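Enquirer: Below you'll find the structure I mean.
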Amino acid sequence: MMGERRVQQEALFYQFSLERHVPEKHLLRSIDRFVELDGLRQELAPFYSEIGRPSVDPELLIRMLIVGYCFGIRSERRLCEEVHLNLAYRWFCGLGLDGEVPDHSTFSKNRHGRFRDSDLLRRLFETVLQRCIDEGLVGGEGFAVDASLIQADASDRTRVEGAAGLPPDAAGRAVEQYLAVLDDAVFGAATEVTPKFIAPADPAARWTAAHRGPAFFAYSNNYLIDVENAIIVDVEATTAIRQAEVLAAKRMVERSIEGFDLYPAKLIGDTAYGSAEMLNWLVNEHGIEPHIPVFDKSHRSDGTFSRDDFAYDHKRDCYICPAGKQLRQRQKIYRVPRPFVDEDGMMRYHASKLDCMVCSLKPRCCPNVPARKILRSIHEGARDVAREIAKTEAYRSSRCQRKKVEMLFAHLKRILKLDRLRLRGPNGARDEFHLAATAQNLRKLAKLIPMSAPVAAT
């Protein structure tokens, strides 16, 4: 028989416990164990006045942001609505049933003021990272580094020619931030090449077609992770070009060493980090094994001998060609001495013209020039170390471990919905990347550190 809804008189009193209402296996219960904000409140204290009307609790704002980035809620206006309606969110934020949710504009005011002035979001990330270290999730033996393009909040319809520069009437917070980082090596000073287009709304974003599809304005999100449990050890926002990403990798490794005493035995990366200078920085300056493919353009595809076909003699400092002849740095004496190393850090080894002209292998060696020439980097020793590591079984394992950082980027874009930035300017990108990395580490903590079973009442 079909039932019928019966209208009853509302009760005058309710016995409702928000604590009991949130399930024991809810993600926020697991995350709440690792959110420690007492130290952050102390750091923020100097940025508040001792008089006047009490402000919104900064811990409430941070907890709401953690909810938003953990569950992919990209709009702060919608975040306020979700926290107002969702009881689990209310419990995590400490609002109770009748606590008032702050207005969405409060986030913007604090972000552009106290949060950035105190570098709060960076401190929040480091606090969660320290908890990961304390829980034994960071081994510190092997790190992996990579970068991923995140689309900027800038339309290509309003783009202007890069050679023309910014329009005279361009103004705003993002423009001010762009002018402030013109000399920063990971933004304006990363390259002297003028970008093809500039976005007046966010001029620090880089026009790129790195995905081999339609070009767009983007920033690079750089991750340095510990490969044992894929914990994010550091994060850096840069312009979307390779030179900036390499410098960001150096900064992140140095910060992990200085700030957390995490000295990796090896660094895993792709060919973008395989330049001679980067490999030398790893091998000779820090003693870190580069599990990185060497960035090398010496291989020839026209059937002639490549540089690998020439043997280098360290004792005599010369190359031996397949015919047994020597290639040396200086074949003749100039009136004005010429440097052995050019501005790109390359040394040139020349064969004798007399040897090459009568050589039977000339058609396979240098058919279009009188004599063969070979370039050798001043950091070739570090490149050789990387080549030898690439032949080991450990290197093959590292190739598989590198996928962990790629999986983090996939999780970032598909689960946390950070495939496009909502904030503009270098500081906006930095804030979003720090919050997203914090959320990913918190979710990892919740997954790997199980909650203790509740004790049954006797």
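The values are calculated or read from the model by the stated rules, or taken from the named source; none is laboratory data. Please read all numbers here as calculations on a predicted model, not as lab measurements. Positions of Cβ are generated from backbone atoms using ideal geometry, with glycine treated the same way; all protein chains shown enter the neighbour counts. Note: accessible area is taken over every heavy atom of the protein model, side chains too, but ligands, DNA and RNA are not part of it. Shrake-Rupley method; radii C 1.70, N 1.55, O 1.52, S 1.80 Å.
Enquirer: Tell me whether the stretch 54-61 contains one or more residues that are open to solvent by less than 40 Å² (accessible area, probe 1.4 Å), closer than 25 Å to Arg414 by Cα and either in contact with a Cys (Cβ under 6 Å, 6 or more places away or on another chain) or not aliphatic (A, V, I, L, M) (or both).
Expert: no
Enquirer: If we scan the stretch 216-228, do we find a residue that is assigned to a helix (DSSP H, G or I) and within 30 Å of Arg157 (Cα to Cα)?
Expert: no
Enquirer: Arg300 - would you say it is charged (D, E, K, R) and within 28 Å of Lys373 (Cα to Cα)?
Expert: Taking the combined requirement at face value, the residue satisfies it.
Enquirer: To continue, here is another question. Given the options Ile415, Ile378, Ile374, Ile449, name the one that is of a type in the set (Val, Ile, Thr) and within 21 Å of Pro322 (Cβ to Cβ).
Expert: Criteria check complete, one pass: Ile374.
Enquirer: Then there's this: Taking Arg123 as the residue in question, decide whether it is among the charged types (D, E, K, R) and more than 30 Å from Ile449 (Cα to Cα).
Expert: No: the conditions fail for Arg123.
Enquirer: Can you go through Leu137, Leu149 and tell me which one is surrounded by 14 or more Cβ atoms within 10 Å (Cβ to Cβ) and outside any strand (DSSP E or B)?
Expert: Criteria check complete, one pass: Leu137.
Enquirer: Can I ask one more? Looking only at the stretch 195-207, how many residues end up being buried (at least 21 other Cβ atoms within 10 Å of the Cβ) and in a strand (DSSP E or B)?
Expert: Of the residues in the stretch 195-207, 2 are buried (at least 21 other Cβ atoms within 10 Å of the Cβ) and in a strand (DSSP E or B).
Enquirer: Follow-up. What number of residues within the stretch 282-300 satisfy the criterion of being more than 22 Å from Arg348 (Cβ to Cβ), in contact with a helix residue (DSSP H, G or I) (Cβ under 8 Å, 6 or more places away or on another chain) and either acidic (Asp, Glu) or free of Cβ contacts under 8 Å to residues at least 24 places away in the same chain (or both)?
Expert: Residues flagged as more than 22 Å from Arg348 (Cβ to Cβ), in contact with a helix residue (DSSP H, G or I) (Cβ under 8 Å, 6 or more places away or on another chain) and either acidic (Asp, Glu) or free of Cβ contacts under 8 Å to residues at least 24 places away in the same chain (or both) within the stretch 282-300 amount to 1.
Enquirer: Can you find, within the stretch 9-45, the residue that is modelled with the lowest pLDDT among those that are in contact with a Phe, Trp or Tyr (Cβ under 7 Å, 6 or more places away or on another chain) and not charged (D, E, K, R)?
Expert: Leu18
Enquirer: Considering each residue of the stretch 324-343, count those that are in a loop (DSSP other than H, G, I, E, B), modelled with pLDDT of 85 or more and surrounded by fewer than 15 Cβ atoms within 10 Å (Cβ to Cβ), and give that number.
Expert: Going through the stretch 324-343 one residue at a time, the tally reaches 1.
Enquirer: Restricting to the stretch 179-194, what's the tally of residues that are at pLDDT 85 or above and surrounded by 18 or more Cβ atoms within 10 Å (Cβ to Cβ)?
Expert: 3
Enquirer: What's the number of the only condition in (1) more than 18 Å from Tyr219 (Cβ to Cβ); (2) in contact with a strand residue (DSSP E or B) (Cβ under 7 Å, 6 or more places away or on another chain); (3) not in a helix (DSSP H, G or I) that Ala154 fails to meet?
Expert: (1)
Enquirer: I've got another one for you. Please state which of the following conditions Ala215 fails to meet, knowing it meets all the rest: (1) within 25 Å of Leu412 (Cβ to Cβ); (2) aliphatic (A, V, I, L, M); (3) in contact with a Pro (Cβ under 7 Å, 6 or more places away or on another chain); (4) open to solvent by 20 Å² or more (accessible area, probe 1.4 Å).
Expert: Ala215 satisfies every listed condition except (3).
Enquirer: Looking for something open to solvent by 50 Å² or more (accessible area, probe 1.4 Å), farther than 15 Å from Ala446 by Cα, part of a loop (DSSP other than H, G, I, E, B) and not small (Gly, Ala, Ser) - is there at least one such residue anywhere in the stretch 29-41?
Expert: no
Enquirer: If the requirement is being assigned to a loop (DSSP other than H, G, I, E, B), in contact with a helix residue (DSSP H, G or I) (Cβ under 9 Å, 6 or more places away or on another chain) and surrounded by 17 or more Cβ atoms within 10 Å (Cβ to Cβ), which of these qualifies: Leu279, Leu262, Leu267?
Expert: The unique qualifying residue is Leu262.
Enquirer: Residue by residue through the stretch 99-119, note down the ones that are in a loop (DSSP other than H, G, I, E, B), open to solvent by less than 80 Å² (accessible area, probe 1.4 Å) and in contact (Cβ under 8 Å) with a residue 12 or more places away in the chain.
Expert: Val101, Pro102, His104, Ser118, listed by residue number.
Enquirer: Oh, and also: Within the set of pairs 6+ apart or on separate chains, which have a first residue in the stretch 410-426 that is at negative phi, a second that is among the polar types (S, T, N, Q) and surrounded by fewer than 23 Cβ atoms within 10 Å (Cβ to Cβ), and C-beta atoms under 6 Å apart?
Expert: Listed by first residue and then by second, the contacts come to Arg420/Gln151; Pro426/Gln177.
Enquirer: Separate question: When only residues in the stretch 46-88 that are closer than 15 Å to Asp103 by Cβ and among the acidic types (Asp, Glu) count, which is modelled with the lowest pLDDT?
Expert: Of everything passing the filter in the stretch 46-88, Asp57 is modelled with the lowest pLDDT.
Enquirer: Mind checking which pairs have a first residue in the stretch 301-313 that is crowded, with 16+ Cβ neighbours inside 10 Å and a second that is of a type in the set (A, V, I, L, M) and in a strand (DSSP E or B), Cβ under 8 Å, 6 or more apart or different chains?
Expert: That search, which allows pairs on different chains as well, returns Arg307/Ile374; Arg307/Leu375; Phe310/Ile320; Phe310/Leu327; Phe310/Ile374; Tyr312/Ile320.
Enquirer: Can you work out which of the residues in the stretch 297-326 that are polar (S, T, N, Q) and within 18 Å of Glu380 (Cα to Cα) is farthest from the chain's Cα centre (by Cα)?
Expert: Filtering the stretch 297-326 for residues that are polar (S, T, N, Q) and within 18 Å of Glu380 (Cα to Cα), the one farthest from the chain's Cα centre (by Cα) comes out as Ser306.
Enquirer: Could you list, in sequence order, the residues of the stretch 63-98 that are open to solvent by 20 Å² or more (accessible area, probe 1.4 Å), assigned to a loop (DSSP other than H, G, I, E, B) and of a type outside the set (Ser, Thr, Tyr)?
Expert: Phe71, Arg74, Asn86, Gly94, Leu95, Gly96, Leu97, Asp98
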